Amino acid sequence: MPVLGAVTFTLKSGKVCGPYNATRETADNYVDVTKGGKDYPTPLDFNKFKTVASLTFKPGVGGATTWTSWTYYNNGQWAVDRFTNLA
């Protein structure tokens, strides 16, 4: 069952970007993050350049979860970025 919340991205520089609206699907271990805003990292920040050190999901109720490893996916037309294989 999807859980609504927000995601922040911590860059290797220490800067925190966000929060951005997000949905976490715990059964399939992925998070969908709604893209937007001038501070939102680019696809290259997530994969090629790896300037994003971690992503943190904070649900509406309960504690936050932080991951430092993921697989980034966006087909170029999605309004969300999907992060799978969260660890």
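The values are calculated or read from the model by the stated rules, or taken from the named source; none is laboratory data. It should be emphasised that the depicted structure is a prediction, and the values quoted were computed from it without experimental measurement. In this analysis, Cβ positions are derived from the backbone assuming ideal geometry, glycine residues included, and neighbour counts consider all displayed protein chains. SASA here: full protein model, heavy atoms, side chains in, ligands and nucleic acids out. Shrake-Rupley method; radii C 1.70, N 1.55, O 1.52, S 1.80 Å.
Of the listed requirements (1) small (Gly, Ala, Ser); (2) closer than 21 Å to LYS12 by Cβ; (3) open to solvent by 40 Å² or more (accessible area, probe 1.4 Å), ALA79 misses just one: (2). Selection over the stretch 19-38 of residues that are under 15 Å from ASP81 (Cα atoms) and open to solvent by 70 Å² or more (accessible area, probe 1.4 Å) gives a count of 3. Would you call ALA87 of a type in the set (Gly, Ala, Ser), over 9 Å from the mean Cα position of the chain (by Cα), modelled with pLDDT of 95 or more and exposed (fewer than 12 other Cβ atoms within 10 Å of the Cβ)? Considered against the rule, which asks whether it is of a type in the set (Gly, Ala, Ser), over 9 Å from the mean Cα position of the chain (by Cα), modelled with pLDDT of 95 or more and exposed (fewer than 12 other Cβ atoms within 10 Å of the Cβ), ALA87 comes out as yes.
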